[in-house]
Amino acid sequence: MKVLVIGNGGREHALAWKLAQGERVSQVFVAPGNGGTARDERLENVPLTDVKALADFAVEQKITLTVVGPEAALAAGVVDEFRARGLRIFGPTKAAAQLESSKAFAKDFMKRHGIPTAAYETFSDPAAAHAYVDGRGAPIVIKADGLAAGKGVVVAMTLEEAHEAIAWILEDNKLGVTHNEGGARVVIEDFLAGEEASFIVVCDGKHVVSLATSQDHKRLLDNDQGPNTGGMGAYSPAPVVTPNVHAKVMHEIIQPTIAGMAKDGRPFTGFLYAGLMIDDQGQPRTVEFNTRMGDPETQPIMMRLKSDLFELLMHATDGTLDQVELQWDRRVALGVVLAAEGYPLNPRKGDTITGLPDDEDEAMVFHAGTAMADGHLVTSGGRVLCVTALGESVRTAAQRAYDAASGIQFAGRQYRSDIGHRAIKR
């Protein structure tokens, strides 16, 4: 059977790599793919991004299953287009994808359905936003209301930083982000203290299967310093998600979200990602929702998944997830992101990449911002590679990932040296 993966990042490379291992899978296309998927003989890149062109391709090639990677395609309604043509596709509709494409929609939804999250207000008027921040104090969180590729959140530790964020996102709209009705808008919410974790589930509109837990590292620099990014590395499982916390998340966040979306006439199918903040008492609250797999969390999660991903997603598109039980590698998987010069705001492109190690069962290099140019692999985006390895412990997995990354070279390469530090401290 033929499979199509939509997207061009590290998440899509990892999904396509895992799907290609399926017993019934004969071919995996990636649209548009990247330099890494181009180098894998089991995968074939297709230079398509337009929604209708993708659906045409799926019809022509008799694609059995399409899997959507990035949020932009979901917000553009790719699932609606495919379903209108009777094509099997895994992901949420445009209406359901608003859980990610609009921060204001998601916060209002959580408030309406009693899902634990931080107190907030939404503003399109800069003066009102500045006044709210002055009254609320710092630390405080400023979020662009719209898709910002992981760069639309500022955790302001001082009032000065908060006012700068409002000016940057709302007044100047330097991100170029618009919400669903058009124009710039911000969600300002209380700062939540605790430890973050990524909780991702597979949904068929009614049933839910949870994937292995993971933890991302959002800040650019060691010790969680520097600007927020799309993610500089991740590991799975996340020790902060104890069995008790897992049960709370399912009961208080995931199940009410699926039920609430169905009640609101937007049944949710696809990957649902709840970004959590877990406090010292083990109480989880929702920082954000994503309506797709996380990046770089996908890479370590796919390394640990022993079950057939194709069969899992076929069940999800059939509405039979209640028949599924997943098998996981008991070991830890950890991924280290190698980023380009100037990331996150102004990543440089076109630098030649050398020293890639051979892929192994216990260490994989997943490509994100790479492309082939004149027979050479070059950087083409902010997060270039995610070097991911398995190990008996977080420390062992980290050592193996950093060893594999050490020989990879490109001008301006930057990465964190402390991925997994919270778990190691535990």
Legend entry - TRP328 - accessible surface, heavy atoms, 1.4 Å probe, Å² rounded to 10: 70
Inset, instruction - For HIS376 and ALA262, calculate 0.36 nm times their separation in residues minus their Cα-Cα distance, and state this gained length in nm to one decimal. - result: 36.2 nm
Inset, instruction - Provide the per residue accessible area, probe 1.4 Å, for the chain, rounded to a whole number of square angstrom. - result: 39
Legend entry - Full-extension gain in nm, LEU159 to GLN399, via 0.36 nm per residue minus C-alpha separation: 82.5 nm
Inset, instruction - Take the alpha carbon gyration tensor of region 232-310, find the square roots of its eigenvalues, order them as a ≥ b ≥ c, and report rounded if a/c is under 1.5; if not, report prolate when a/b exceeds b/c, else oblate. - result: oblate
Legend entry - Residues in region 21-40 reached by a label modelled at LYS2 [backbone nitrogen below 12 Å; 7 Å Cα→Cβ]: 26-30
Inset, instruction - Quickly work out the GLN225-to-LYS111 label distance, labels modelled 7 Å from Cα along the C-beta direction, and quote it in nm with one decimal. - result: 3.7
Legend entry - Rg [Å, one decimal], Dmax [Å, integer] - region 168-299, C-alpha atoms: 15.9, 45
Inset, instruction - Apply 1/(1 + (r/R0)^6) to the Cβ-Cβ distance of ALA193 and ALA247, taking R0 = 25 Å, and write down the FRET efficiency to the nearest 0.05. - result: 0.65
Inset, instruction - Classify region 355-394 as rounded, prolate or oblate, taking a ≥ b ≥ c as the square roots of the eigenvalues of its Cα gyration tensor: rounded when a/c is under 1.5, otherwise prolate if a/b is larger than b/c and oblate if not. - result: oblate
Inset, instruction - Could you list, in their original order, any pairs among LYS107/LYS143; LYS2/LYS206; LYS143/LYS248; LYS143/LYS263; LYS218/LYS248 whose Cα atoms are separated by more than 19 Å? - result: LYS2/LYS206; LYS143/LYS248; LYS143/LYS263; LYS218/LYS248
Legend entry - Cα centroid separation - region 296-348 against region 216-247, whole Å: 15
Inset, instruction - Starting with the highest mean, order 267-278, 195-206, 58-69, 36-47 by the number of other Cβ atoms within 10 Å, averaged over the residues of each peptide. - result: 267-278, 195-206, 58-69, 36-47
Inset, instruction - Keeping all protein chains in position, work out how much accessible area ASP134 exposes to a 1.4 Å probe, and write it in Å² to the nearest 10. - result: 90
Inset, instruction - State the Cα centre-to-centre distance between region 98-131 and region 51-70 in whole Å. - result: 34
Legend entry - Carbon plus sulfur fraction of accessible area for the chain, probe 1.4 Å, in percent: 47
Legend entry - Fraction of the pair-distance distribution of region 350-426 above 17 Å, Cα-Cα pairs, percent: 47
Legend entry - Computed Rg/Rh of the chain, alpha carbon atoms with Kirkwood Rh: 0.94
Legend entry - Within the chain, helix-based [θ] at 222 nm, where runs of 4 or more DSSP H residues each add -39,500 (n - 2.57), nearest 500: -7500 deg cm²/dmol
Inset, instruction - Determine, for each peptide in 233-242, 392-401, the mean count of other beta carbons within 10 angstrom over its residues, then list the peptides with the highest first. - result: 233-242, 392-401
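The values are calculated or read from the model by the stated rules, or taken from the named source; none is laboratory data. Note that the coordinates shown come from a computational prediction; the quantities given were computed from them, not determined experimentally. Counting neighbours? That spans all protein chains shown, and the Cβs are built from the backbone with ideal geometry, glycine included. With ligands, DNA and RNA removed, areas are computed over all heavy atoms of the protein, side chains included. Shrake-Rupley method; radii C 1.70, N 1.55, O 1.52, S 1.80 Å.
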